[in-house]
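Beneath this line is the structure, given in structure tokens, with notes to follow.
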Amino acid sequence: MGEYAFYSFTDEAILAWGVSTLPVPVPPGRQEEIFGGEKVRVDLLLDELHLFLTEYPNLKKMYALTAEALTCLAGVNAGAEGDSESAARFLQMGLEANPDSLLLRSNFALALQLQDRGEEALEQYEMVLSDPEGGENPVVRVLAARLYAENGEYMEAYRMLKEMARGLPGDDVFWDFLAEMKELAGVEEEEKPPDASCTECGEPLKEGKAFCKNCGKPV
């Protein structure tokens, strides 16, 4: 490894991911191009890390979190500039280093979706949603539901949105989308269960009450 110089990354955008990044290898002749501008060229730095890990595959596990942080930042930067193709490439590189990252996979799916690669994006979203933690992500659920809707799978979209309906009480866009999927899926209004009543006197019982307010019988 004598041909590499190792640089510690202290940029706040990297540290915001909550990981302690390892020093990143840079070969001679690339320092000026990567570090000489107003901002560090994270995309070029990531390319060098990818080449380094290709040469030293035994270090991939050790650099997994560092690669995840760099690829997320590079992917988000490229996406913000409207370059979803480069964003997808960076994020895919990160997944090769850390395939268990839900953050990388969900952003990779979004980059694919922005390129109108819906089937590939949906496959990635489904992998995220199959994880207990990823399944609770409302943004991923809505994005996946829109892809189901584009494919004409309205019932699947409706079910996905219905499962998260309680968590977004004030989001009008969400409720409009849910109502649209419900109509397209042909879902009829669900009948409300009849109110419970006291077996002793017939008085209607309120949910959560331990005793009938009329006769005092335990519920």
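Scanning the range 112-127 for any residue that is open to solvent by 40 Å² or more (accessible area, probe 1.4 Å), of a type in the set (Phe, Trp, Tyr), in a helix (DSSP H, G or I) and within 21 Å of residue 180 (Cβ to Cβ) turns up nothing. For the residues 131, 100, the requirement of being farther than 20 Å from residue 23 by Cα, part of a loop (DSSP other than H, G, I, E, B) and in contact (Cβ under 8 Å) with a residue 12 or more places away in the chain singles out 131. I'd like to know if the range 177-188 contains one or more residues that are modelled with pLDDT of 85 or more, within 21 Å of the chain's Cα centre (by Cα), under 24 Å from residue 103 (Cβ atoms) and open to solvent by less than 100 Å² (accessible area, probe 1.4 Å). Within the range 177-188, not a single residue is modelled with pLDDT of 85 or more, within 21 Å of the chain's Cα centre (by Cα), under 24 Å from residue 103 (Cβ atoms) and open to solvent by less than 100 Å² (accessible area, probe 1.4 Å).
When the residues of the range 189-198 are filtered to those that are assigned to a loop (DSSP other than H, G, I, E, B) and surrounded by 11 or more Cβ atoms within 10 Å (Cβ to Cβ), the one that is modelled with the highest pLDDT is 198.
In this structure, residue 49 qualifies as touching a strand residue (DSSP E or B) at 6+ places or on another chain (Cβ under 8 Å) and either free of Cβ contacts under 8 Å to residues at least 60 places away in the same chain or of a type in the set (A, V, I, L, M, F, W, C) (or both). Per the conditions (1) in contact (Cβ under 8 Å) with a residue 40 or more places away in the chain; (2) closer than 17 Å to residue 25 by Cβ, the sole criterion not satisfied by residue 73 is (2).
Inspect all residues belonging to the range 110-122 and state whether any of them is closer than 25 Å to residue 44 by Cβ, among the polar types (S, T, N, Q) and free of Cβ contacts under 8 Å to residues at least 40 places away in the same chain. I'd like the intermediate steps shown before the answer.
First, the residues of the range 110-122 that are closer than 25 Å to residue 44 by Cβ: 110-112, 114-115.
Add one more test, that the residue is among the polar types (S, T, N, Q), and what stays is 115.
Applying the additional criterion that residues be free of Cβ contacts under 8 Å to residues at least 40 places away in the same chain yields 115.
Within the range 110-122, one or more residues are closer than 25 Å to residue 44 by Cβ, among the polar types (S, T, N, Q) and free of Cβ contacts under 8 Å to residues at least 40 places away in the same chain.
Residues in the range 34-82 that are of a type in the set (A, V, I, L, M, F, W, C), within 16 Å of residue 98 (Cβ to Cβ) and open to solvent by less than 30 Å² (accessible area, probe 1.4 Å): 46, 49, 52, 53, 59, 64, 67, 69, 70, 72, 73, 74. Of all the numbered requirements in (1) at pLDDT below 85; (2) of a type outside the set (Ser, Thr, Tyr); (3) in a helix (DSSP H, G or I); (4) open to solvent by 80 Å² or more (accessible area, probe 1.4 Å), residue 3 misses one, and that requirement is (3).
The values are calculated or read from the model by the stated rules, or taken from the named source; none is laboratory data. Predicted, not measured: the structure shown is a model, and the values here were computed from it. Neighbour counts run over all protein chains shown; Cβ positions are idealised from the backbone, glycine included. Surface areas here come from the heavy atoms of the whole protein model, side chains and all, with no ligands, DNA or RNA. Shrake-Rupley method; radii C 1.70, N 1.55, O 1.52, S 1.80 Å.
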